[in-house]
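Below is one structure, written out as structure tokens; the observations come after it.
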Amino acid sequence: MDVVQSSTTGTPTQFNDGSGTQVGTLCRAWVNFGYVSSAITVRASFNVSSVVRNGTGDYTINLTNALIDANYAAIFTTAVGAGSSSAFVAQQNLSRTQTSSATNFLITYTGIGQLDQTYCTASIFR
């Protein structure tokens, strides 16, 4: 197997253009989980130490290896069953502070409020 690795320990691999300017990095953390039978079920993850349910539809994702700061992009998704016309939204929870080692998000259902879901994903890029 071929391996691409950073030349510095603790520094992510970055992609540069021909002039040496950084144009991107790989995903720094991701998780696929759900709230199933009154418990968090993590199906698969990378660089995620835990997912905590703070309340209905309110989750914190803790990172195994912290990023250099809290200025990252976190993308959250959730899914509903086939044939459903429900409008679920997964978004960053701005009432909680995003840190270099944790991010927070809420799942809301249009017209009802916060709800738990059995299928959620999060990806973090920096």
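The values are calculated or read from the model by the stated rules, or taken from the named source; none is laboratory data. Just so it is clear, the model here is predicted, and its values are computed rather than measured. Because the Cβ atoms are built from the backbone with ideal geometry, glycine has one as well, and the counts that use them run over all protein chains shown.
I need every pair where a residue in the stretch 58-81 that is at negative phi has its Cβ under 9 Å from the Cβ of a residue that is in a strand (DSSP E or B) and of a type in the set (K, R), sequence separation at least 6 or different chains. These pairs meet every condition: Y59/R53; T60/R53; L63/R28; N65/R28; L67/R28; Y72/R28. Entry remark, the stretch 21-40: residues being among the polar types (S, T, N, Q) and free of Cβ contacts under 8 Å to residues at least 12 places away in the same chain number 4 in total. Would it be correct to say that A29 is surrounded by fewer than 16 Cβ atoms within 10 Å (Cβ to Cβ) and either closer than 26 Å to Q114 by Cα or modelled with pLDDT of 90 or more (or both)? Answer is no for this residue. If the condition is being more than 22 Å from the chain's Cα centre (by Cα) and small (G, A, S), then the stretch 1-46 contributes S6, S7, G18, S19, G20. Scanning the stretch 5-24 for residues that are surrounded by 10 or more Cβ atoms within 10 Å (Cβ to Cβ) and over 22 Å from N47 (Cβ atoms) yields a count of 1.
Among the residues of the stretch 85-120, the ones that are surrounded by fewer than 17 Cβ atoms within 10 Å (Cβ to Cβ), within 24 Å of Y72 (Cβ to Cβ), modelled with pLDDT under 80 and of a type in the set (G, A, S) come to 1 in all. Per the conditions (1) modelled with pLDDT under 95; (2) hydroxyl-bearing (S, T, Y); (3) farther than 24 Å from A70 by Cα; (4) in contact with a strand residue (DSSP E or B) (Cβ under 7 Å, 6 or more places away or on another chain), the sole criterion not satisfied by T41 is (1). Per the listing L63, L67, the residue uniquely at pLDDT 95 or above, within 26 Å of Y119 (Cα to Cα), surrounded by 15 or more Cβ atoms within 10 Å (Cβ to Cβ) and out of contact with any Leu (no Cβ under 7 Å at 6 or more places or on another chain) is L63.
Checking each residue in the stretch 1-33 for being among the charged types (D, E, K, R) and in contact with a strand residue (DSSP E or B) (Cβ under 9 Å, 6 or more places away or on another chain) picks out D17, R28.
Residues in the stretch 19-70 that are basic (K, R) and either within 18 Å of F125 (Cβ to Cβ) or not in a strand (DSSP E or B) (or both): R28 only.
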